[in-house]
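Scroll down for the structure; my scribbles are underneath it.
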């Protein structure tokens with residue numbers, strides 16, 4: 001006797017999406033079980049852009065990579081204009097029912113379902129599909145497939161708490177390191193030039209200076225939540241950070257830029273804007289390639305509500321300046337991507353402390369901006385990082401944040 005199918009069985013299946021599993025194949029298995037429970041012949045998830053390699057479908061009980069349907073781009077555009085679902089007519093069936101699918105911080109995708117027969121789709125079917133998709137977007141099973149599904153508010157609170165500790169540590173370490181460097185510099189002239197003791201003391205001073213670089217990052221994290229909405233110019237910040245980075249790479253690096261002359265200023269002043277651009281450029285240059293190569297482009301874009309959801313941060317619909325930084329490294333491995341942002345101070349670089357992305361995220365969040373990490377297409381290598389910021393003229397008004405003001409004034413550095 002076969003198991004019951006249809007809407008009642010589909011409703012009974014919904015709690016399955018809340019089960020947790022780190023197995024990347026668990027989501028695909030759940031999708032197949034969902035099809036069996038509802039009695040649908042075909043169901044699938046596809047990302048037209050951003051994550052095409054993650055697209056999957058179930059056809060007659062068999063899970064396989066999803067094929068992008070010819071109508072996908074048109075359907076996605078219709079859904080992003082505000083339609084909750086789209087029914088695409090197909091010969092000899094009741095049509096393919098689409099719903100939008102977009103976990104936080106990821107590109108927009110589509111979920112579709114088909115079933116055997118020619119019965120029309122009812123409002124109950126449509127509501128059930130939307131409920132299912134809402135659970136899928138937050139499913140621990142999906143996290144096993146595409147990486148962590150992040151709660152932006154929780155991430156921001158964790159970084160706010162960390163910034164308090166960072167501010168206190170940076171201030172105390174500055175005092176210690178300043179003493180070490182100062183007394184080392186005073187000692188060198190008292191020692192024979194070129195002697196071994198002189199070299200040892202100079203090494204102590206150099207170690208102290210490297211420590212200062214680390215405390216500067218702690219200061220950046222502590223201050224990143226401060227809102228400084230005065231206009232900033234992307235081209236100027238890019239030129240300044242390029243000039244700063246070149247002496248740090250004696251072998252040189254190749255940087256290709258495409259920043260239109262008429263690009264509007266953004267609602268973030270030059271200081272924090274330079275910090276954001278600098279961290280992204282440094283990550284791109286360090287990603288690989290000999291000599292290191294990176295490309296930076298900027299443009300004015302109009303973000304829909306669905307587009308805004310695709311970024312981690314505090315992005316709102318409307319006009320934004322998008323900055324895209326692309327490297328030619330080996331890309332971000334799935335196990336690394338699963339820990340970025342979910343573990344704010346995670347890093348794979350031995351001489352780093354994982355503060356760069358944390359500083360970038362917190363700064364963008366404070367200025368109603370956002371960040372997204374996209375894999376390159378199958379024919380390219382490397383990683384593409386997209387950052388969006390509202391133009392200065394349309395930047396949303398800033399609400400006072402007692403938490404940020406307290407952190408900045410009490411531990412200000």
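The values are calculated or read from the model by the stated rules, or taken from the named source; none is laboratory data. Being a predicted model, the structure only gives us computed values, none of them experimental. Virtual Cβ from ideal backbone geometry, glycine too; neighbours counted across all protein chains shown.
Residues in the range 121-137 that are without any contact (Cβ under 8 Å) to a residue 40 or more places away in the chain and out of contact with any strand residue (DSSP E or B) (no Cβ under 9 Å at 6 or more places or on another chain): 122, 123, 127, 134. Give the residues of the range 262-287 that are farther than 22 Å from residue 217 by Cβ and touching a residue at least 12 places away in the same chain (Cβ under 8 Å), sorted by residue number. Within the range 262-287, 263, 264, 265, 266, 267 qualify. Filter the range 262-292 for residues that are farther than 27 Å from residue 314 by Cα and surrounded by fewer than 15 Cβ atoms within 10 Å (Cβ to Cβ); which is modelled with the highest pLDDT? Residue satisfying both the conditions and the ranking: 291. Under the condition of being more than 23 Å from residue 308 (Cβ to Cβ) and surrounded by fewer than 19 Cβ atoms within 10 Å (Cβ to Cβ), the residues counted in the range 126-143 number 4. The residues on offer are 165, 234, and the sole one that is out of contact with any helix residue (DSSP H, G or I) (no Cβ under 8 Å at 6 or more places or on another chain) and under 19 Å from residue 357 (Cα atoms) is 165.
Conditions (1) outside any strand (DSSP E or B); (2) over 23 Å from residue 307 (Cβ atoms); (3) not assigned by TED's automatic domain parsing to the domain that holds residue 155, marked per residue:
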residue	(1), (2), (3)
36	yes, yes, yes
41	no, yes, yes
45	no, no, yes
69	yes, no, yes
93	yes, yes, yes
100	no, no, yes
106	yes, no, yes
111	no, no, yes
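If you go through the range 281-319 and keep only what is farther than 27 Å from residue 245 by Cα and outside any loop (DSSP other than H, G, I, E, B), you end up with 301, 302, 303, 305, 306, 307, 308, 309, 318, 319. For the range 212-231, the count of residues that are without any contact (Cβ under 8 Å) to a residue 24 or more places away in the chain, exposed (fewer than 14 other Cβ atoms within 10 Å of the Cβ), farther than 18 Å from residue 271 by Cα and out of contact with any helix residue (DSSP H, G or I) (no Cβ under 8 Å at 6 or more places or on another chain) is zero. Just so you know, in the range 51-99 the residues that are at pLDDT 90 or above and under 24 Å from residue 143 (Cβ atoms) include one that is surrounded by the fewest Cβ atoms within 10 Å (Cβ to Cβ), and it is 99. Counting residues in the range 180-197 that are under 42 Å from the mean Cα position of the chain (by Cα), surrounded by fewer than 14 Cβ atoms within 10 Å (Cβ to Cβ) and more than 30 Å from residue 310 (Cβ to Cβ) gives one or more. Exactly one residue out of 46, 111, 67 is on the phi < 0 side of the Ramachandran plot and free of Cβ contacts under 8 Å to residues at least 60 places away in the same chain, and it is 67.
Which one is farthest from residue 42 (Cα to Cα) among residues in the range 83-95 that are out of contact with any helix residue (DSSP H, G or I) (no Cβ under 9 Å at 6 or more places or on another chain) and in contact (Cβ under 8 Å) with a residue 24 or more places away in the chain? Here the answer is 92. Selection of the range 241-260 for residues being under 28 Å from residue 167 (Cα atoms) and surrounded by 15 or more Cβ atoms within 10 Å (Cβ to Cβ) yields 241, 242, 245.
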